[in-house]
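Colleague: Pasting in a structure now, in structure tokens, and then I'll have a few things to ask.
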Amino acid sequence: MTPAVEQEGDAERRRVADELASRLRRSGVRLTGRESGEELAQITEAVERFEAAVIRSGGDLMVDAPIADESPIAPDNSAFVLPRREDGESVEDYLVRLDAATTAARRAAR
């Protein structure tokens, strides 16, 4: 691979990582800025699974979503609220909590 092609690939990976980070922040996920592109993709996929479970269970993402960096004002069901990533929490630990929250959202009914 030529250096120019390699640079283009690096630039594309950075663009994708920036887009994922932006999307996660809009969803209320706290990021440190040290997450790898792979970690951002894993968090994005876990958040999407959680949101799909909320919708299938009758939740409303607009009502249950955090506002800025705060908790939702009046969630339908606490199981439908995206878990907040704690200060210092590793990506791995957050993914475990997201999976548990997804399971809880699947079991919840409005």
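The values are calculated or read from the model by the stated rules, or taken from the named source; none is laboratory data. Quick caveat: nothing in here was measured; it's all calculated off a predicted structure. All Cβ positions, even for glycine, are placed from backbone atoms using ideal geometry, and neighbour counts span all protein chains on display.
Colleague: Here are some residues: 30, 15. Which one is at pLDDT below 95 and loosely packed, with under 13 Cβ neighbours inside 10 Å?
Modeller: Testing whether each residue is at pLDDT below 95 and loosely packed, with under 13 Cβ neighbours inside 10 Å leaves just 15.
Colleague: If you don't mind, there's one more thing I want to ask. Going through region 40-63 one residue at a time, which ones are crowded, with 19+ Cβ neighbours inside 10 Å and closer than 15 Å to residue 95 by Cα?
Modeller: Within region 40-63, the first condition is being crowded, with 19+ Cβ neighbours inside 10 Å, and the residues that meet it are 40, 43, 46-47, 50-51, 53-54, 59.
Listed by number, the residues that qualify are 40, 43, 46, 47, 50, 51.
Colleague: Right, next: Could you check region 17-30 and list, in sequence order, the residues that are closer than 17 Å to residue 50 by Cβ and in contact (Cβ under 8 Å) with a residue 12 or more places away in the chain?
Modeller: Hits for region 17-30 are 20, 23, 24, 27, 28, 29, 30.
Colleague: Please find, within region 56-87, the residue that is modelled with the highest pLDDT out of those that are hydrophobic (A, V, I, L, M, F, W, C) and over 16 Å from residue 46 (Cα atoms).
Modeller: This residue is 62.
Colleague: Another one. Filter region 88-110 down to residues that are out of contact with any Phe, Trp or Tyr (no Cβ under 9 Å at 6 or more places or on another chain) and basic (Lys, Arg) and give me whichever is farthest from residue 41 (Cα to Cα).
Modeller: Step by step, filter region 88-110, then rank; the result is 107.
Colleague: So which residues in region 74-96 are in contact with a Pro (Cβ under 8 Å, 6 or more places away or on another chain) and surrounded by fewer than 17 Cβ atoms within 10 Å (Cβ to Cβ), if there are any at all? Quick ask: steps written out before the conclusion?
Modeller: Of all residues in region 74-96, those in contact with a Pro (Cβ under 8 Å, 6 or more places away or on another chain) come to 81-82, 84, 94.
Scanning region 74-96 gives a single hit, 84.
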